[in-house]
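Q: Please see the structure below; I have some questions.
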Amino acid sequence: MVCFLAQLLKDFTIEWPKPEFYKIMHTIRFAILTLIVVTCVMVSTLAAQETEEDVRNLSLQETIEMAKQNSPEARAARYALLASRWAFQSFRADLLPGLSLTGNAPNYRREFRELLNPDGSTSQIYTQQSNANVSLSIAQPILYTGGTLSLSSGIQRLGIFPDENTYLWSSTPMAVTYRQPLFQYNNLKWRNRLEPLRFEIAQKQYVERMEDLSWRVTQRYFDVLLTKVNLDIADFNFAVNDSIYNISQGRYNVGSIAENDLLQAELELRQAQSRVTEANISYDQQLSNFRLLLGLDSETPVDVEVPEEVPDIEVDEVTALEMARQNNSTALNYLLQETQAEQSLDQAVRQSSFTAELTATYGLNQTSTEFGSLYDDPLSQQFVSLSFQVPIFNWGKQRAEVNAARNNHRRVTDEISYQQAQFDLSIQNAVDEFRQLKQQVELAELSDGIADRRYEVARNRYLIGRIDITNLFIAQNQRDSARQSYIQALRNYWVGIYNLRRLTLYDFERDEVISYDI
């Protein structure tokens, strides 16, 4: 439409008898072309608004909340935490008494077997037997000693046939057993130190993964926003450059500009058209990645908008460092690594020295051929045993294992000290960088407004012939660059906010520790 009207005006020329009339007509024609450009932009904007009525415009906070609810990464983080929670509950169950039922179903055996005679000789006898037993026991591990206290009751039946068809019953109404390893590695004690630490790390890692997701969603949000701004700039510049080219054609036909200016206007028009195509491709790609991260269907119509408010957040370096050490799983991972190294050293030392095991049992038992009298007048039973193992010579194997574990513990300790210093430095750098981002946003916003006003002045001056086309395009490029710089400054600021949140797990805007429920 713009091209048609501009071409119509360009072809419609009248030779006026007096120069002043020509100047008046020339001014009127430029005023009409200016009106056409403004009308074209307004119509395009209204058309775009009508097209986008069904598109869901997402704010940054809405986008982050949507990702936390629908994103595949958020669901994976929740499943990882649930798995860690069940693993911790499994460990807690190991500390409680366990009730178990064991036994053998009736079995049958028919075979020849050797029988030792009183005179020392052996003979072969043919036997047919059936055997079955069942036992119910409850066992309680002792955490700090590594021993086990158990209480059991059982019954056994032995069947001898076919000639006799005799059944022998044996019962243990009650038996108390205590088993105590001596000078041995206590695995349960170390698990009691490690498993709660692992679960606490899993809880903090869940919060970290959610904050890391917020951080990456913020990056992707502004990637889409920046490509959208680039597309809007490209569309606007194409419409304006098309009008400028038509104006330049009219001026060239009346001899007010040189051919070089006309060619420059045409070149800018063709480049603007190419930039529209490139901007569309980039915008579609970023939007597809954006939907994928949010867990949306590839055809879901969504759009983003420039955040209206920029929170003014003050970050104290001491607080940030304290919160990072207190909340971040990295510090707990250091503690876990050091504890595991201590565990390996203790295990190597214990296994290389004298070990023993004490077992004591007290209970009641009885035998009978009749099941009804099986529990009459049971007899007491006692059993005590002490087993031991003393390494005498094994070519220095135990010493080598102990030295390896001891030096590995020293290595882990030194690495943790260095990694902790690196972690503290990364927090300090993040805080120092963030303090500069707010000022950059304010400067970029101010520059954006100045560049936009300068472009409007330059365009108006070009339309009345006060500046050449080169200065107009310089103002246009500076306006586009200032707008892009402002969006980039916003991106850096918001990404900086969520970067601090994921490093410290602390909300500096609300002054509270970040937590999530599942």
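The values are calculated or read from the model by the stated rules, or taken from the named source; none is laboratory data. Not measured: the values here are computed from a predicted model. Note that each Cβ is placed from the backbone with ideal geometry, even for glycine, and that neighbours are counted across all protein chains shown. Just so you know, the surface numbers come from the protein's heavy atoms only, side chains and all, with ligands and any DNA or RNA stripped out. Shrake-Rupley method; radii C 1.70, N 1.55, O 1.52, S 1.80 Å.
Q: Taking the residues in the range 309-344 that are under 24 Å from Met210 (Cβ atoms) and of a type in the set (Val, Ile, Thr) as candidates, determine which candidate is nearest to the chain's Cα centre (by Cα).
A: Selected residue: Thr330.
Q: Name the residue, out of Leu81, Leu60, that is within 51 Å of the chain's Cα centre (by Cα), open to solvent by less than 50 Å² (accessible area, probe 1.4 Å) and closer than 27 Å to Asn192 by Cβ.
A: The unique qualifying residue is Leu81.
Q: May I ask you to list pairs of residues, at least six apart or on different chains, whose Cβ atoms are under 8 Å apart, with the first in the range 477-492 being free of Cβ contacts under 8 Å to residues at least 40 places away in the same chain and the second being in a helix (DSSP H, G or I) and open to solvent by 20 Å² or more (accessible area, probe 1.4 Å)?
A: Between residues of the range 477-492 that are free of Cβ contacts under 8 Å to residues at least 40 places away in the same chain and residues that are in a helix (DSSP H, G or I) and open to solvent by 20 Å² or more (accessible area, probe 1.4 Å), the close pairs are Gln478/Arg454; Arg479/Asp452; Arg479/Arg454; Ala482/Ser447; Ala482/Asp448; Ala482/Ile450; Ala482/Asp452.
Q: Filter the range 183-237 down to the residues that are assigned to a helix (DSSP H, G or I) and aromatic (Phe, Trp, Tyr), then identify the one that is farthest from Arg502 (Cα to Cα).
A: Looking at residues that are assigned to a helix (DSSP H, G or I) and aromatic (Phe, Trp, Tyr), I get Phe236.
Q: Among the residues of the range 384-410, write down those that are in contact with a helix residue (DSSP H, G or I) (Cβ under 8 Å, 6 or more places away or on another chain) and free of Cβ contacts under 8 Å to residues at least 60 places away in the same chain.
A: Pro391, Gln398, Glu401, Val402, Ala404
Q: Next question. For the range 91-135, how many residues meet the condition of being aliphatic (A, V, I, L, M), surrounded by 11 or more Cβ atoms within 10 Å (Cβ to Cβ) and part of a strand (DSSP E or B)?
A: So the answer is 3.
Q: Determine which member of the set Ile233, Ile257 is under 14 Å from Leu472 (Cβ atoms) and either open to solvent by less than 50 Å² (accessible area, probe 1.4 Å) or touching a His at 6+ places or on another chain (Cβ under 7 Å) (or both).
A: Result: Ile257 is the single residue among Ile233, Ile257 that is under 14 Å from Leu472 (Cβ atoms) and either open to solvent by less than 50 Å² (accessible area, probe 1.4 Å) or touching a His at 6+ places or on another chain (Cβ under 7 Å) (or both).
Every residue, every condition in (1) farther than 29 Å from Leu437 by Cβ; (2) open to solvent by 60 Å² or more (accessible area, probe 1.4 Å); (3) aromatic (Phe, Trp, Tyr); (4) not in a helix (DSSP H, G or I), yes or no:
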residue: Leu292; (1), (2), (3), (4): no, yes, no, no
residue: Thr300; (1), (2), (3), (4): yes, no, no, yes
residue: Glu314; (1), (2), (3), (4): no, yes, no, yes
residue: Val318; (1), (2), (3), (4): no, yes, no, no
residue: Met323; (1), (2), (3), (4): no, no, no, no
residue: Ala331; (1), (2), (3), (4): no, no, no, no
residue: Gln337; (1), (2), (3), (4): yes, yes, no, no
residue: Arg350; (1), (2), (3), (4): yes, yes, no, no
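Q: Also, I was wondering about something else. Determine if the range 447-456 includes at least one residue that is touching a residue at least 12 places away in the same chain (Cβ under 8 Å), open to solvent by 70 Å² or more (accessible area, probe 1.4 Å) and over 25 Å from the mean Cα position of the chain (by Cα).
A: The answer is yes; a qualifying residue exists.
Q: Same structure again: Among the numbered criteria (1) exposed (fewer than 15 other Cβ atoms within 10 Å of the Cβ); (2) farther than 22 Å from Leu503 by Cα, which single criterion is violated by Tyr462?
A: Of (1) exposed (fewer than 15 other Cβ atoms within 10 Å of the Cβ); (2) farther than 22 Å from Leu503 by Cα, only one is false for Tyr462: (1).
Q: Then there's this: Just one of the numbered conditions (1) under 27 Å from Asn70 (Cα atoms); (2) out of contact with any helix residue (DSSP H, G or I) (no Cβ under 7 Å at 6 or more places or on another chain); (3) among the charged types (D, E, K, R) is not true of Glu357; which one?
A: All conditions pass for Glu357, except number (1).
Q: Could I ask something else about it? Is there any pair with a first residue in the range 286-301 that is among the hydroxyl-bearing types (Ser, Thr, Tyr) and a second that is open to solvent by 50 Å² or more (accessible area, probe 1.4 Å) and assigned to a loop (DSSP other than H, G, I, E, B) whose Cβ atoms are under 7 Å apart and which are 6 or more apart or on different chains, and what are they?
A: Ser288/Ser298
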